[in-house]
Structures are given as structure tokens and as C-alpha cells.
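What follows is a single structure, written as C-alpha cells, with notes after it.
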Amino acid sequence: MKRKDSKAEKRHAMTVILGIESSCDDTSAAILKDGVILSNIIASQKVHEAYGGVVPELASRAHQQNIIPVVSEAIKKAGITIQDIQAVAFTRGPGLLGSLLVGTSFAKGFAIANRLPMIEVNHLQAHILANFIKEPGVESHHPSFPFLTLLVSGGNSQLIVVRNYLDMEMVGQTIDDAAGEAFDKCAKVMGLPYPGGPIIDRLAQTGNPERFSFNKPQIPGLDYSFSGLKTSFLYFLRDELKQHPDFIQENLNDLCASLQKTVIDILMSKLKKAAKQTGIKQIAIGGGVSANSALQKAVREEAALAGWEVFIPRLGFSLDNAGMVATTGYYKYLAGQFISLDAAPYARTTLAG
Ligand code: KG4
């Protein structure tokens, strides 16, 4: 007698998923086939540079302009046709509502027109599952469960225990600003364009991290706080500028290196504490700030001391991208987790299942 394939196994055979990401200021589309990312197109919005931060209305407008060309390019680059696609995975939240609405509405239109099921994706979960992205011809190295993730981006700073692809528990989070926000806001104070994080990273390479010291928060447990650092940086510069109007220009690299060291010290202290408390030695970092070279170095140095195994997505998959959305969509597809057409985006949430 022939064995009947389970639903999940049937779904597994030749799965092509379109992923859509539009939660902030990157419009992205990706095609995943059988768990492997064939294309991951990202249109970043330069329009915000002059404003020192993302302007929500401008972000939504740019998403509207970018979404169709980005999806077309992703399909073309993957060498598939629209008819090959079996499901649409889209970022439902958290993020900027106007931005999310563009991706969500596009996903719905695409799903209706092509009679496809839709899969909602939590942006934070997607950043974590970026550690499972597979690319053709690239040897994969993925964490095993359970692992601990430090998720650090422009909107989030969280510590999460990941028990399975779709089973995650947040054990710590920022009580105010995110680490990326601290980088970006301090960069703005120094007159640097948005996003300031990568610029601080670059300037810090030739600066002295011990030159200046800034306040570190005393927050109990595994939570973070970055608003005090931002304020102490601002007041420090204000006082120095009164005496030396060229203080920033003359000390830019040392300021960047010292600020970066403070942020990394804060992030590392709670990451080490969480690893100790949970006994987990598989450590992943994700989100835009995980691209920071000093953070990557600090995590690797601690790994050598504490016997951690470390996982860091490559640059294209640590910043906002649809490859991580399609990958998360793939695990939800296998689990049969679909969503109806009336799903509305959400601006705020921590971690949905
Ligand atoms: O994950 P992401 O692309 O968007 C979300 O916030 O979801 O992260 C963007 C954040 C920005 O705050 C940016 O300044 C920061 O990541 N970032 C960095 C670096 N690259 C990006 N921060 C520090 N060092 C970097 N190399």
C-alpha cells in the first residue's frame, strides 16, 4: 500500500515563496525556492539622509515608487515566473505603519491576483531567522536550538531565547531607545548624516576608544537602556563646544570610537549575563547594528573566552531585507501557518509566534 504524504511533506516539495519587506526605509523583495534564497533585491531610500532620521511620510511614498520594480527585479533575477510562486510572505509589523501598509497592500493584491496564500511575518522574528538563510553555492553554518540572540537594530535591542524556528522567548529588551537609535541620534548631534551607525563604525576604526567616557545605565536584569547615554553625549558635547567651537571636528574619530565602545560594552554586558543565566553557548546576533565591526569583534573575543559558538548573518542579510522574510515565511509555510486577507499591519509588538 502506498504511504500517503503528509500535508507538510507535500508543501515541502518544490516551494517557491515571494518575500516582501517594507517596515522602515528599505523596500525589498526576495524569491526563495526550497529553502534557498535565489534573489534578494533591496532599494534603500536616500531621501532621509538630509533629515537625520527616517521621515515616515517620505518612506511610504518611496515604498510606493519602489515596490513594483523591486518585486519585478527579484522575480527576474531568480529566473522564475509569477506562475511558479506558491505563497506570499510579507512583514506585517512592527515598523512604520505607512511603510508597512505599502508592503501589506501589495502582498494582498499580488495574492488575490494570483490566487496565492499569504503568510504574515514578524520583522523581529525574521531578523533572527536571517541566521538560517541559505544561498546557492554558499556553505551554510546555522545555529542549533536552543540559541540566544542579541537583536539590535534602529528600533530594537532585545535578548531572545530561540527554542525553535517559530518558538522564541524575549528575556530582555530596551526600556527606552534602541542601540541603533543611540548611534543615529549621537551621529546627528555630531553633524553626521543618517544612518549614523555605519559612519561611526568607519570613523571609529582610527579613533581612540578610551579617550572619552560616557554614562552606562544601571538597569536590573537583562533589560537595556540607551536614552541616558544619548543625553550624556549631548551634554558633554554642548559643554565642550562652549570652550572649543571646533571640538567635534578636531576629535571626531575619538568621539566615534569612545561612543561606540560604550554602546558595545552595554550590549555585551547583558549578552554575557543572559548566556550565563540560560547556560546557552550558541550565540547569534542580528539586526542592522549586528553589522558593527566592534560588536562582531567583541562577540568573537567573548566566544573564545567563554566557549561560545557565534553566528552573524552576512551584511546583506543583517540589515532590513526580504530574504529573511521569505525564509521565515518558508518555515511558516511548512507549519501551515497562513493568514486571511483581512490582516492589517501593526506598528508595535515584541515577538509574535
Ligand atoms: O535592521 P535595520 O536595517 O533596520 C531596522 O531598524 O529595523 O537597522 C538599521 C540600524 C540603524 O540604526 C543603523 O545606524 C544601524 O542599524 N547600523 C549600524 C551599522 N550598520 C547599520 N550601527 C552600527 N554600526 C554599523 N556598522
Could you give the distance between the Cα centres of segment 237-253 and segment 78-146, to the whole Å? 45 Å
Give me the extension gain from Lys108 to Arg238: residue separation times 0.36 nm, minus the current Cα-Cα distance, reported in nm with one decimal. 41.9 nm
Value of relative contact order over segment 147-312, rounded to a whole percent, pairs C-alpha under 8 Å and six or more apart: 28 percent
Solvent exposure of the chain as accessible area per residue, Å², 1.4 Å probe: 45 Å²
What is the dipole size for segment 24-84, taken about its Cα centre, with +1 at each Lys and Arg Cβ and -1 at each Asp and Glu Cβ, in debye to the nearest 20? 140 debye
In debye, nearest 20: dipole of the chain around its Cα centre with unit charges on the Cβ of K, R (+) and D, E (-)? 1060 debye
Applying the Karplus parametrisation 6.51 cos²θ - 1.76 cosθ + 1.60 with θ = phi - 60° to the phi angles of segment 36-44, what ³J(HN,Hα) value in whole Hz is obtained for each residue in order, glycine and proline being reported as x? 10, 7, 8, 8, 8, 9, 10, 10, 8
Helix check for the chain. Which DSSP H runs span at least 20 Å along their own axis by Cα, with a mean Kyte-Doolittle hydropathy no less than -0.5? 56-78, 97-114, 227-243, 247-278
Environment charge of Thr91, counting only residues whose C-beta is closer than 14 Å and scoring Lys/Arg +1, Asp/Glu -1: -1
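How high is the relative contact order of the chain, in percent, with contacts defined as C-alpha pairs under 8 Å that are six or more residues apart?
Averaging sequence separation for qualifying contacts and normalising by length gives 25 percent for the chain.
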Of all the accessible heavy-atom surface of segment 147-312, with the other protein chains kept in place and a 1.4 Å probe, what percent is carbon and sulfur? 49 percent
If Lys and Arg each add +1 and Asp and Glu each add -1, what is the summed charge of the other residues whose beta carbon sits under 10 Å from the beta carbon of Ala322? -3
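The values are calculated or read from the model by the stated rules, or taken from the named source; none is laboratory data. Bear in mind that the values here come from a model prediction, so they are computed numbers and not experimental data. FYI the Cβ positions are ideal-geometry reconstructions off the backbone, even for glycines, and counts take in every protein chain you see. Side chains are part of the model used for accessible areas, which takes the heavy atoms of the whole protein and leaves out ligands, DNA and RNA. Shrake-Rupley method; radii C 1.70, N 1.55, O 1.52, S 1.80 Å.
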